[in-house]
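For reference, the structure discussed in these notes is given below.
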Amino acid sequence: MINQFKYLILVLIVVALATCKLNQKSTVPRNLERIYDPASSSMHPTMNIYNISDSASLIVERIFTKELLFNQANKENKLLARVKVIYNLYDLNNRQNLVDSATTTFKFDKETVALFYDLEIPVNAKLENKYILEVITTDLNRNSNQYAFFIIDRTDKNSTNDYLIYNRLDDQLVADLYINKPKEVKIEHYKDDLDSMFVFFFPDRFAAAVVPYEKDTLIENFATYDSTWVCYTDSVNYADFREEGVYYFSRYQNADITQSGFALYNFGHGYPMIKTPDDLAKPTIYLGGMDTIAESDSTGKLTKLAVDNFWLDKENNMDKSRQLLKEYYKRVVFANTYFTSYKEGWQTDRGMIYIIYGIPDYLFKSGDEERWIYNPNGIGPGIEFKFNWVEHPITQNHYLLDREKLKTTGWDEAVGLWNTGEVFYYQN
């Protein structure tokens, strides 16, 4: 159960350092293109959001020591890293309506041996409301910022965020929902006692996004599952979830399983990184590569050599081919990092656009939508993609491309450049 004393201390710190701006209106839309640019920040923390009471949620953030700058520019004259975390909580239905805001500062001592630091910050998110949470994490020694956004749905008493997942090794709340390394966890509900839960397994047979000029949006059905069983919530071992796919934990066996629990995701060891020939081959579907790679291997299995040959054929030059595949797979990894929903990030609409077109020049978030604009010179309309957040039974990070309003995409030109050995960057 949550340590109440620890949270009291955290609340007092937040209150002392908070800068509340309730109901403030933002008159100028901010260009947020940096939120999906890994090079814009030295830090790449992992985060999860948990509801801890009827009136509060909790940001659980893991910051990796190797990404922090330690120096002695402080009154303690010690090697310290200093991190500032700001959260802004907005009404989901009105992105400009700021409901709550607070700032908390942390210090970490270099002499303390740790691979990472786990931060916990309470947020005033109340029942019956939906919110957008903006989290800005700053390495104060480097003046480097990392932005993240989350949907907090508190309109349902069985919200995904109502379930707290603890690492049994250290009793810390986990900062991600991936089954990608050995771990034993325990599961609690913030207000109800749990003894066991039903697990429903959906195998990883999800399809990649449909090319943008196609009007039909891909809809995948979660009405049926491959298997189900009971697990005890005080001891859940990730080793028991070997098959890749979605594991949905529900309190009920016969009710609508997608409205009564939360999901854990197994997309392979080390995810969101890509390691196997399958991991490398599948994202080439946007370039027409999957069939070519599969046919080139007489064993019937995808191999690293077959993938390498696919890229070498684009540009008969080893160095240029290596640079081409390096950029492509860098985008795949960060699509997994930013856009994973019920399926791997590269398979989503946002992931597809991110991989082929790169980081947008302008990105605006408003309510439950994102607008990406590719127009580096600011001349003419450029190419614009609009993504709408969709209330999904499995995930709160699912956005669909608004295909009806697309005027032009330049898709064939972009894919054509990739297939002739050139990295695509939009130019007017």
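Of the residues Leu417, Leu363, only one is of a type in the set (A, V, I, L, M) and touching a residue at least 40 places away in the same chain (Cβ under 8 Å); which?
Going through Leu417, Leu363 in turn, the sole match is Leu363.
Is it the case that region 74-96 has a residue that's among the β-branched types (Val, Ile, Thr), farther than 20 Å from Gly367 by Cα and at pLDDT 85 or above?
First, the residues of region 74-96 that are among the β-branched types (Val, Ile, Thr): 83, 85-86.
Then keep just the ones that are farther than 20 Å from Gly367 by Cα; that gives 83, 85.
Among the residues that remain, those that are also at pLDDT 85 or above are: 83, 85.
Scanning region 74-96, I find at least one residue that is among the β-branched types (Val, Ile, Thr), farther than 20 Å from Gly367 by Cα and at pLDDT 85 or above, so the answer is yes.
Out of (1) in contact (Cβ under 8 Å) with a residue 60 or more places away in the chain; (2) closer than 23 Å to Thr224 by Cβ, what's the single condition that is false for Pro203?
It fails just one condition, (1).
Can you tell me which residue is nearest to the chain's Cα centre (by Cα) among those in region 361-377 that are within 12 Å of Tyr426 (Cβ to Cβ) and modelled with pLDDT under 90?
We begin by selecting, within region 361-377, every residue within 12 Å of Tyr426 (Cβ to Cβ); these are 361-362, 372-377.
Okay, now just the ones that are also modelled with pLDDT under 90, so 376-377.
Working: Pro376: 26, Asn377: 29 Å.
The qualifying residue nearest to the chain's Cα centre (by Cα) is Pro376.
Yes or no: region 46-56 includes at least one residue that is closer than 22 Å to Asn145 by Cα and either in contact with a helix residue (DSSP H, G or I) (Cβ under 8 Å, 6 or more places away or on another chain) or free of Cβ contacts under 8 Å to residues at least 12 places away in the same chain (or both).
yes
Quick check: is even one residue across region 188-195 touching a residue at least 40 places away in the same chain (Cβ under 8 Å), within 29 Å of Val415 (Cβ to Cβ) and not in a strand (DSSP E or B)?
No - not one qualifying residue is present in region 188-195.
Filter region 107-165 down to residues that are small (Gly, Ala, Ser) and in a loop (DSSP other than H, G, I, E, B) and give me whichever is surrounded by the fewest Cβ atoms within 10 Å (Cβ to Cβ).
Among them, the one singled out is Ala114.
Checking the conditions here, which among Phe200, Phe206 is part of a loop (DSSP other than H, G, I, E, B) and surrounded by 16 or more Cβ atoms within 10 Å (Cβ to Cβ)?
Residue meeting the stated conditions: Phe206.
Any idea how many residues of region 234-254 are touching an Asp or Glu at 6+ places or on another chain (Cβ under 6 Å), surrounded by fewer than 17 Cβ atoms within 10 Å (Cβ to Cβ) and assigned to a loop (DSSP other than H, G, I, E, B)?
Step one: of region 234-254, the residues touching an Asp or Glu at 6+ places or on another chain (Cβ under 6 Å) are 237, 244-245.
Keeping just the survivors that are surrounded by fewer than 17 Cβ atoms within 10 Å (Cβ to Cβ) gives 237.
From what's left, assigned to a loop (DSSP other than H, G, I, E, B): none.
Qualifying residue count, region 234-254: 0.
Just wondering, is there one or more residues in region 385-394 that are over 22 Å from Lys343 (Cβ atoms) and surrounded by fewer than 16 Cβ atoms within 10 Å (Cβ to Cβ)?
Scanning region 385-394 turns up no residue that is over 22 Å from Lys343 (Cβ atoms) and surrounded by fewer than 16 Cβ atoms within 10 Å (Cβ to Cβ).
Within region 395-413, restricting attention to residues that are exposed (fewer than 14 other Cβ atoms within 10 Å of the Cβ) and acidic (Asp, Glu), which residue is nearest to Tyr131 (Cα to Cα)?
Glu404
Out of Gly358, Gly382, I need the residue that is modelled with pLDDT of 95 or more and either crowded, with 16+ Cβ neighbours inside 10 Å or polar (S, T, N, Q) (or both). Which one?
Working: Gly382 fails: modelled with pLDDT of 95 or more.
After applying the criteria, what remains is Gly358.
Read through the list (1) in the same structural domain as Val333 (by TED's automatic domain parsing); (2) in contact with a strand residue (DSSP E or B) (Cβ under 8 Å, 6 or more places away or on another chain), then give the number of the only condition that Tyr286 fails.
Single failed check for Tyr286: (2).
Going through region 211-233 one residue at a time, which ones are touching a residue at least 24 places away in the same chain (Cβ under 8 Å), surrounded by 12 or more Cβ atoms within 10 Å (Cβ to Cβ) and among the hydrophobic types (A, V, I, L, M, F, W, C)?
Passing the criteria: Val211, Phe222, Cys231.
Regarding Tyr225, is this residue under 26 Å from Asp349 (Cα atoms), modelled with pLDDT of 95 or more and either out of contact with any Lys or Arg (no Cβ under 7 Å at 6 or more places or on another chain) or part of a helix (DSSP H, G or I) (or both)?
No.
What are the residues in region 309-355 that are over 23 Å from His269 (Cβ atoms) and of a type in the set (Lys, Arg), if any?
Lys314, Lys320, Arg322, Arg350
The values are calculated or read from the model by the stated rules, or taken from the named source; none is laboratory data. None of the values given here were measured: they were computed from a predicted structure. Ideal geometry is used to build each Cβ from the backbone, glycine not excepted, and the neighbour counts take in all protein chains shown.
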